[in-house]
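Each reported figure results from applying straightforward, stated rules to the coordinates on display, with no laboratory input. Bear in mind the structure is a predicted one, so any value in this text is a computation, not a measurement. Glycine gets a Cβ as well: all are built from the backbone with ideal geometry, and neighbour counts include every protein chain shown.
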Amino acid sequence: MDAAFGEALIALLPNLRRFGLSLARRPDLADDLVQITVERAIAGQAGFDRQARLEPWLFRIMRNAWIDMTRRQRSAGTHVDVFDIPEALPVDPAPGIEARLMLQSVEAAMATLPEEQREVLHLVCVEEMTYAETARILDIPQGTVMSRLSRARLALAEKLGIK
């Protein structure tokens, strides 16, 4: 593996995990997605255009891995997560509780959005991808990215009572 490629890949691990969490909504599955993405990226690094940004290419790999994983799960049946344990409260709970409640509200509202809108909203607003990069990752026209993002923002604002 090329050292520069490896360093860039390592630097993007937190971004990959965030995107994995937005897709899977479970830390264990997000970690699996990150691992699959890194494995596929290392295996396919010869096909990566060094002139392009690495992040959108990795996100595209992850999204495709998520689609593959989802298809496999449909035929695998129901799984029960035995490790679903609530997180411990911070030492001073006041600021943490307020932030956690707001984050839970936003996450819950985002979870109710259609998957197409949720993906675009996450890539543009959380991962700070450009419309063009998001369009390449999702394999859709840039205009579709803009319209889905607009609808997602309006729906999210309405669900959160901001509108």
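What to note about this one:
- Placing R0 at 22 angstrom, the Cβ-Cβ distance between Gln51 and Gln142 gives a FRET efficiency of 0.65 after rounding to 0.05.
- Order of Ile137, Ile162, Ile61, Ile42 under a 10 Å beta carbon neighbour criterion, fewest first: Ile162, Ile42, Ile61, Ile137
- Degrees, to the nearest 10: 13-24 long Cα axis against longest axis of the chain: 60
- Stretching the chain fully between Ala132 and Ile42 yields a gain of 30.0 nm (0.36 nm per residue, less the alpha carbon separation).
- On the basis of the beta-carbon distance and an R0 of 25 Å, Ile162 and Ile97 show a calculated FRET efficiency of 0.75.
- Spin-label model, Ser150 to Ala8: label points 7 Å out along the Cα-to-beta-carbon direction sit 3.4 nm apart.
- Net charge of neighbours whose Cβ lies under 12 Å from the Cβ of Leu123, counting Lys and Arg as +1 and Asp and Glu as -1: 0
- Ranking of Arg148, Arg26, Arg71 by count of other Cβ atoms within 10 Å, fewest first: Arg71, Arg26, Arg148
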